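To start, the structure itself, in structure tokens.
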């Protein structure tokens, strides 16, 4: 719940006449706190439920004058077994955090003005150890006139003995007595309170007194109304009879007498304040005089009068008020630049996922206009709220102030590391967040949807303990097959996986299994940050360093590291495993890791979270370890995951989203909503499905949300809501069944559905029978149809509705592919297309000069014909040489085809920016790989074709020959034809494989293209600035590469033979000037490739050039 939340319950039954008075006294409470108010009805039939529905509508309206920070009002109605059974059900529905204050107020009671502000003040100034139970003076109203007020001291001994029965001692005020949730939970209320009919309050106070002292306010917090038609005598007699069944009358009398022995020092507590000091004080006062008075009155025994102690009052505790200067002085805390707004304080540590994400986003500075990255310490706020920390209210007020300063009208993206994020979605809703990168996302949240709600994306956790890269041992240096050192299973963990690991694998001779009672960061997180003990000192001293170091060493000495779920599906251990060079064994059935699933399948062992699978793990791991090639392949994939999700990159998926969102902002500044991940309605449905039955509260929420979505999204949503084959459709139907026919929410939902159905019918009637589809229809056909500009999502997006993609070529305006060969391979299709739809244009727009120069039958002519059976098929052929499509201004075409490439470059080139020229030179001179050639080996004259008039030269054979002739220690040659017949494109991610293998380890990086063409620049030379190598290139003086790369930092072999080029590579000696030019080029490239405006401009230029070519073809 938000803020310092106070939880109030009203139990009721047939209270139509008095419910308004009670509700009004609660919802009009004023102060800097939130109210969670629930009414638990026992099955009213007198109109009470209708009145509660009216209140809900009123409180949800914007016109209600709310005087607190927020109010969450709910009600439910189920048959009960009496008042205290209703109270137990109501508190279950409220479910406050352990240290939160709660109370009940019946429909015969009202809260006094200021009561909740006072309790909020108490909660903010005192710890649960100092005060957990607060009551006020008793107050009675007859009609609307106060008739009685009293403040009888309530010593702990008196309450615990059960004397507060109205006979032996006054009864405490029933309504408006506040206590923390931990106290309620500690006395087993379902067994000891729920069965009681009348005296449940007496028994509760008796049981509470065994846990803590009641602290009394000397003014009333609530008042009880006397009913004219209530027979007080009969009720009191039945009340005492029920008490007598637990503590008989004689026992109570004896207990009172025992309090009167001569040495007794009976004391009670009350809260007070000084006129000139806002801090509250809890006083410990003598109560012997009150005990003596009770003995005289009840036992008629003056002999046992106690000696007076009324002048022995002493201070028990003084409140602590946070420095008011901290409250809203956010000037030095809020960081706002480059479309990033950060609350740069209170980050949780040492698990700094949220903070590190902010730092990476800040350093890359690539958030497009129209989007705001919101960096906020969600984990700290959520922990403060869920544990009821003393300063929770302060943190919530600062949060409210912070979100009030977020730019209006932008789409907001954030990162959250907290396991319980789903339970606090209201915070993200308040902040206007659309996209949440969550470290504990599960498969349920990451199902793709088209519109609405929150978009939840998987995200890594920050790896706290990682060895230096040069200290990671090889497989042969790892003595353990597998290891697990971690906390044992407890009630907070998702499954029993840890228990099974410890029980089933602890004695395996090849494993290292150690169970611990606590996480080695437990104290620094939970004692130092969430609930400070006030002891001061260095936070670093609270880390269990020996345990931390043992954990770190174990990963470095293990081939496999077991990574079970904990309190959440993701674990820091998983990411530390990747950083340590071990292979993760993921035991988390629900976990959805970020990125490409093929990489996770190839680089990790996935194990089910059951005893049978865990018991079988050693044999499974031994089988993998027995195959060195398989083991090495898995480690390489782990390096790739580490490259993009380790600390030096980390926000890779956020960068990809930013590239997409940059294109979702239209020319008018409109922002497209989330396009992926679970919508709010579907998350609600999923949560409902996890519960044993549909409850009214959940049904009401789901139908409200669906009705609102239907009004916003229109009739197209009807099919989704009516589809009972889906979880959402099933829950919508069950929600309707759960509500009474006259329930206002159900009636509203059905009215909205009826309205949408009417809209749908009118739309169908109004639509013409034949309507031409909007946009130019494109169909991509053939094996190479994905290798032409408009086949890529990035170019399609910039054209928006001006094009549409058709799957059927006979419905398209243009049939397009990327290689002439595709026409030869589909002669029947193209022949038929020309015969039946002669108006359809056929185009080959090639992106690959190698294909054009070798296998396309020439590349200069744009108007071509091919024989498809008996039919002549005319088509337009465009490429780098005969069109201006690829004549780039700032960014070459190939880099724009994939957001993955741009995201990688923006992050990974950045990691070299911290190097000095001296550092870079040292790296080059000590690199274990002197020269790397990663390309398919191609030989023969056909790969050497040259067309000087077009400045087009085949380089495939040339670069292979250079690779073969380059001499020196540590020359690496990889690719089909060198050591394997398998193409690198068969790898899960051939590009990441290359980058991970070479980053920081290479001096010269071969970047030769397969063809020299002035505007043809692929990823190869950009890769050199990721891995930190000196690029080789082949470029004449008019080549476009000089727009990107300084000639001073590359080895240009234009005009040289292969032998001469190989010699240049081997003999190149890097110097400071080269290093300076390299670093400057790297910085310029990184800035360019995160420049969304430049990216969009170049994509627009290419897309418009293609459309123009289509129009003129």
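Throughout, read-outs are computed from the coordinates displayed, never taken from laboratory work. Computed from a prediction, not measured in an experiment: that's the story for all the values here. With ideal geometry, Cβ positions are generated from the backbone for all residues, glycine too; neighbour counts draw on all protein chains shown.
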Volume per residue that the Cα convex hull of the stretch 247-317 spans, once the total is divided by residue count, Å³: 110 Å³
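If neighbour count is taken as other Cβ atoms inside 10 Å, put 980, 1064 in order from fewest to most.
Details: 980 11, 1064 17.
Listed from fewest to most nearby Cβ atoms, that is 980, 1064.
If R₀ is 41 angstrom, what is the calculated FRET efficiency for the pair residue 258 and residue 611, using the beta carbon separation as r and rounding to 0.05? Walk me through the intermediate numbers first.
Numbers: r = 56 Å, r/R0 = 1.36.
About 0.15, to the nearest 0.05.
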Part-to-part distance (alpha-carbon centres) for the stretch 834-851 and the stretch 1-32, which is given in Å: 71 Å
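Give the shape of the stretch 776-878 as rounded, prolate or oblate, defined through the alpha-carbon gyration tensor: a ≥ b ≥ c are the square roots of its eigenvalues, a/c under 1.5 means rounded, and otherwise the shape is prolate if a/b is larger than b/c and oblate if not.
Working: a/c = 1.96, a/b = 1.13, b/c = 1.73.
It comes out oblate by the Cα gyration axes.
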Least to most buried among 215, 387 (fewest other Cβ within 10 Å first): 387, 215
Angle in degrees between helix 83-94 and the longest Cα principal axis of the chain, rounded to the nearest 10: 20 degrees
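Considering only DSSP beta bridges whose two residues both sit in the stretch 5-318, what percent are antiparallel, to the nearest 5? Write down the numbers at each step before the final one.
Details: 24 of 51 bridges.
In the stretch 5-318, approximately 45 percent of DSSP beta bridges are antiparallel ones.
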For the stretch 870-954, the spread of Cα positions along each principal axis, largest first, Å: 65, 33, 27
Where labels lie 7 Å past Cα in the beta-carbon direction, separation of residue 219 and residue 697 in nm: 3.2 nm
Folded to 0 to 90 degrees: helix 378-387 orientation relative to the chain principal axis, Cα: 20 degrees
FRET efficiency, residue 312 to residue 57 (Cβ-Cβ, R0 41 Å, nearest 0.05): 0.15
Antiparallel %, DSSP beta bridges [both residues in the stretch 893-1104], to 5: 25 percent
Residue-span extension gain [residue 21 to residue 1066] - 0.36 nm each, minus C-alpha spacing: 367.1 nm
Segment residue 241-residue 619, length gained on full extension (0.36 nm per residue, minus Cα span): 129.3 nm
Given (i) 36; (ii) 31; (iii) 68, the label whose value is percent of Cα pairs over 56 Å apart derived from this model: (ii)
Projected label distance in nm at residue 758 and residue 1083, using a 7 Å step from Cα toward the beta-carbon: 6.6 nm
Tensor-based shape of the stretch 312-391 (alpha-carbon gyration tensor, a/c under 1.5 rounded, otherwise prolate or oblate): prolate
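Listing 657, 259 from the residue with the fewest other Cβ atoms within 10 Å to the one with the most, what is the order?
On the way: 657 24, 259 21.
With the fewest neighbours first, 657, 259 line up as 259, 657.
Quote to one decimal, in nm, the extra length available between residue 922 and residue 147 on full extension: 0.36 nm per residue of separation minus the C-alpha distance between them.
Numbers: separation 775, 0.36 × 775 = 279.00 nm, distance 8.93 nm.
Going from the current span to full extension adds 270.1 nm.
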Cα-based helix-to-principal-axis angle, 353-364 vs the chain, degrees rounded to 10: 40 degrees
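Rounded to the nearest 500, what is the chain's calculated 222 nm mean residue ellipticity when only DSSP H runs of at least 4 contribute -39500 (n - 2.57) each, over all residues? Numbers along the way, then the final one.
Working: 40 runs with 413 residues, N = 1113.
Result for the chain: -11000 deg cm²/dmol, rounded to the nearest 500.
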Beta bridges by DSSP in the chain, antiparallel share as percent, to the nearest 5: 30 percent
